[in-house]
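Data first, discussion second: the structure below is written as structure tokens.
The values are calculated or read from the model by the stated rules, or taken from the named source; none is laboratory data. Just so you know, these numbers come straight off a predicted model, no measurement behind them. Note: ideal-geometry Cβ built from the backbone for every residue, glycine included; neighbour counts use all protein chains shown. In case anyone asks, the SASA skips ligands and DNA or RNA and just uses the protein heavy atoms, side chains included. Shrake-Rupley method; radii C 1.70, N 1.55, O 1.52, S 1.80 Å.
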Amino acid sequence: MDAPRLSVVVVSWGRPRALARCLTALGQMRSVRFEVIVVADADGLAVAQGVPMAERLVLLAQEEANISAARNAGIAAAAGEVVAFIDDDAVPEPGWAEALLGGFETFGAAAVTGPVIGRNGFSLQWGRMAVDAQGRDRWLGEGEAPAPGEALKLHGTNMALRRDVLTRTGGFDTGFAFYLDETDLALRLSRAGLGLRYLPDAVVHHGFAASARRREDRVPLDLFDIGASSALFLRKHAPEALEAGLAELEAAQRARLLRLARKRKLGPEEIRRLMESLAAGIAAGRGRPSEVGGIGAPGRPFRPMRDALPGAMRCLDGWVYRAGSSRSEAARHVAAGEPVALLLLEPTPRKHRLCFTETGWWEQRGGVFGPAERSAPRLQPWTPAARRAREWGRLARISCPDRLE
């Protein structure tokens, strides 16, 4: 039996620069040919039309900021048997697509999800977690399964589902314009007895870019959608806990805002306005309908983003004081269609950071004596040569297998 074909859906609203970076990273996936469907506002579509291989993208206009409706539009256009989702402010590691499809072939799952790495490139933002009927999530221990009434949490920026499962279940509930959309779907799939699987090798890096709802430092600008989606979610999945759940939500959000105030990131007037937006959202969510519709066949042929897969990744390293020349070399390889991983060290205890740059390569920068994992000791007793070997061993996951220790 042939391996399933993969369609990747990227929804973008108000973040064209982030979308361009995401599409660049998708163009560097190894081993798997897949198609990319972009559902975006006008600015996002304009950027998508200017990236390499733009003519191979499927571009759909997003008329309103409703992530569930946009994802459903992407599913309807998807010609692959498996549909994956990634946010515009996220990038996949080069083996992501391969790992996703391997999960379906190996485990026969209906849906899969994987690790989401935070901004520093090392810390786990979201991992293997369970979620209950009130939308409360918790981390699962080694070998621990979700409890009765719980489902494996699907991470919206790193998940894939069989298309026929999405068409049978109606896809995403458009009542969830933002927040809890994938959690609603995970509970519905779990209650239908469909298997959900966590894949440790399907890794995505997520940046929490600024949006209409939050600043770049994750300070909220508006809580309306959180309130509206929470009220709808509780009405749908735990109506008996509606009032208690909403009271818990208000208390949790107020405590969050007060923590930010203690850090001097919010003032009293901003807290008042944010709590008012939460209350307005809850009021709207009490009456918002749940809308799950039908999704038909795509009516278009499968069109992979690229026919020829990218070549082997170039692995470059150097000292930070020569970063300019190292980055110029990286840029030349990227312009020639070659993926690049660049390691830049300095003789300090500076913490390491790993990211996919807007210019199109993976770059890790930090001190010879500084930690990469944030739980490691603050001062590391390495020699430069040993530290290079250690970090190239770590970066082998990104796509330099010949550098493994």
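Report yes if P146 is more than 28 Å from A76 (Cα to Cα), in a loop (DSSP other than H, G, I, E, B) and more than 17 Å from the chain's Cα centre (by Cα), otherwise no. Before the answer, list the steps.
On the way: more than 28 Å from A76 (Cα to Cα): yes; in a loop (DSSP other than H, G, I, E, B): yes; more than 17 Å from the chain's Cα centre (by Cα): yes.
In short, yes.
Within the stretch 155-181, the set of residues being in a helix (DSSP H, G or I) and either touching a Lys or Arg at 6+ places or on another chain (Cβ under 8 Å) or among the aromatic types (F, W, Y) (or both) comprises T169, D181.
Cβ-Cβ distance below 6 Å, separation of 6 or more or different chains: which pairs start in the stretch 117-144 with a residue that is open to solvent by less than 40 Å² (accessible area, probe 1.4 Å) and end on one that is part of a strand (DSSP E or B) and among the polar types (S, T, N, Q)? Partner pairs satisfying both residue conditions: G118/Q125. Among the residues of the stretch 202-235, those that are touching a residue at least 60 places away in the same chain (Cβ under 8 Å) and in a helix (DSSP H, G or I) comprise F224, A228, S230, F233, L234. Residues being part of a helix (DSSP H, G or I) and under 23 Å from E93 (Cα atoms) are represented in the stretch 33-44 by at least one member.
Could you tell me whether L258 is of a type outside the set (F, W, Y), more than 20 Å from L395 (Cβ to Cβ) and under 26 Å from the mean Cα position of the chain (by Cα)? Give the steps one after another, and end with the answer.
Details: of a type outside the set (F, W, Y): yes; more than 20 Å from L395 (Cβ to Cβ): yes; under 26 Å from the mean Cα position of the chain (by Cα): no.
No; evaluated as a whole, the condition is false for this residue.
So which residues in the stretch 38-56 are open to solvent by 10 Å² or more (accessible area, probe 1.4 Å), of a type in the set (A, V, I, L, M, F, W, C), on the phi < 0 side of the Ramachandran plot and touching a Leu at 6+ places or on another chain (Cβ under 9 Å), if there are any at all? Within the stretch 38-56, L45, V47, V51, A54 meet the criteria.
Counted as qualifying within the stretch 293-405 are the strands (runs of 3 or more DSSP E) with 1 or more residues that are over 24 Å from the mean Cα position of the chain (by Cα) and crowded, with 16+ Cβ neighbours inside 10 Å, namely 314-319, 340-346, 362-367. Taking each residue of the stretch 364-376 that is within 21 Å of E93 (Cβ to Cβ) and looking for partners that are open to solvent by 30 Å² or more (accessible area, probe 1.4 Å) and outside any loop (DSSP other than H, G, I, E, B) with beta-carbon atoms closer than 6 Å, six or more apart or interchain, yields R365/R353.
Here E55 meets each of (1) in a helix (DSSP H, G or I); (2) in contact (Cβ under 8 Å) with a residue 24 or more places away in the chain with one exception, condition (2).
The rows are residues; the columns are (1) at positive phi; (2) within 19 Å of the chain's Cα centre (by Cα); (3) open to solvent by 20 Å² or more (accessible area, probe 1.4 Å).
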{"site": "G175", "(1), (2), (3)": "no, no, no"}
{"site": "L180", "(1), (2), (3)": "yes, yes, no"}
{"site": "A186", "(1), (2), (3)": "no, yes, no"}
{"site": "R213", "(1), (2), (3)": "no, yes, yes"}
{"site": "L221", "(1), (2), (3)": "no, no, yes"}
{"site": "L249", "(1), (2), (3)": "no, no, yes"}
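Selection within the stretch 290-345: residues that are charged (D, E, K, R) and in contact (Cβ under 8 Å) with a residue 60 or more places away in the chain. The member of this set that is nearest to L57 (Cα to Cα) is R303. Restricting attention to the stretch 18-36, the residues that are open to solvent by less than 10 Å² (accessible area, probe 1.4 Å) and touching an Asp or Glu at 6+ places or on another chain (Cβ under 7 Å) total 2.
Of all residues in the stretch 63-84, those being open to solvent by less than 20 Å² (accessible area, probe 1.4 Å), farther than 21 Å from P304 by Cβ and not hydroxyl-bearing (S, T, Y) number 2.
Apart from one condition, R264 fits all of (1) closer than 30 Å to Q28 by Cα; (2) part of a loop (DSSP other than H, G, I, E, B); (3) charged (D, E, K, R); the exception is (1).
Restricting to the stretch 75-104, count the residues that are in a helix (DSSP H, G or I) and within 25 Å of G360 (Cα to Cα). Talk me through it step by step, then tell me what you get.
First, pick out the residues of the stretch 75-104 that are in a helix (DSSP H, G or I): 75-77, 96-104.
The next check asks that each one be within 25 Å of G360 (Cα to Cα); those that pass are 96-101.
Result for the stretch 75-104: 6.
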